[in-house]
Amino acid sequence: MNIKNSPIGFFDSGVGGLSVMREAISIMPNENFIYFGDSQNAPYGTKELKEVKNLTLNAVDFLLDKNVKAIVVACNTATSAAIEEVRSKYKKLIVIGIEPALKPAVKLSRKGKIIIMATPMTLREKKFKLLMEKYKDESCIESLPCAGLVEFIEQGVLDGEKLEGYLREKFKDYLTDDIASVVLGCTHYPFVKKPLANVIGDHVPLIDGGLGTSYELERKLIEKDLINDSKEKGNIEIYNSINDNKIIDFCYNLINIKI
């Protein structure tokens, strides 16, 4: 079998990583993709570090059994907790992680605070603290832990009064000040851009790392001469630890909805 035709594996704690995979599909439509969402154990962001590491390594093993040629850990929490272990264990494999897209937010040089929305675990891990330290002298940056937001999205709640009420409560201390931008530091969060814009205003840039991560994936595949040279549109397979057709259908819908 030609390894170039092998699929690219994407993994997330649930449905959130689809926001990244859809970007990868848009720039590499001829690649084959396999997605595994661990919705049964979502959210990861409120779990203990050791458990997240174990769940991540299990998910990677699942994707490797599908003969993937690269793996994208499309989950900020899993990247923070386990990316080093994954790379150490599978040294020859292309492994791409994701982190909050703080750099492009800083580069905008807008007036006000940069708010980083993320799960509690992402915000307390060393990887995130190093990122904050890197840009602390360039902008006013504040982290905003959003425990509970992933659950809305996992349940298919992408808009509505209850969700906007949650977001309004989270941003109540910032709405009277200038917000330079909001960094969506969890791959679930791009799916709620519309209600978030309703709360903070559609003039505030909402920045996520999905496209940048996908370009990094493409760059690594080119570097290793692993780009699929097929001229046909690739296949997409979706798996979830909740073995239910409803969530699989929901995942396919998320790939196609406008966000």
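The values are calculated or read from the model by the stated rules, or taken from the named source; none is laboratory data. These numbers were taken from a predicted model, which means no experiment stands behind them. For neighbour counting, all protein chains shown are included, and Cβ atoms are generated from backbone atoms with ideal geometry for every residue, glycine included. Accessible surface areas use protein heavy atoms only, side chains included; no ligands, DNA or RNA. Shrake-Rupley method; radii C 1.70, N 1.55, O 1.52, S 1.80 Å.
The table below gives the values:
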{"item": "Segment 102-207 - Debye-derived log10 I(q)/I(0), Cα point model, q = 0.15, 0.20 Å⁻¹", "result": "-0.59, -1.05"}
{"item": "Under DSSP loop assignment and at most 11 Cβ neighbours within 10 Å, longest GluC sites (Glu not before Pro)-free interval of the chain", "result": "49-231"}
{"item": "Exposure of Cys75 as accessible area (Å², to 10), given a probe of 1.4 Å and all protein chains", "result": "10"}
{"item": "Size of charge dipole - segment 102-207 - debye, nearest 20, with Cβ of Lys, Arg +1 and Asp, Glu -1, no other charges", "result": "420"}
{"item": "Qualifying aspartates and glutamates (Cα of each under 13 Å from Cα of Lys224; at least 8 residues distant if same chain)", "result": "Glu216"}
{"item": "Normalised per residue, the volume of the convex hull around the Cα set of the chain (Å³)", "result": "127"}
{"item": "Over segment 38-186, equivalent-ellipsoid semi-axes from the Cα gyration tensor in Å", "result": "29, 20, 12"}
{"item": "Rg ratio (alpha-carbon, reference 2.2 N^0.38 Å) - segment 183-259", "result": "1.42"}
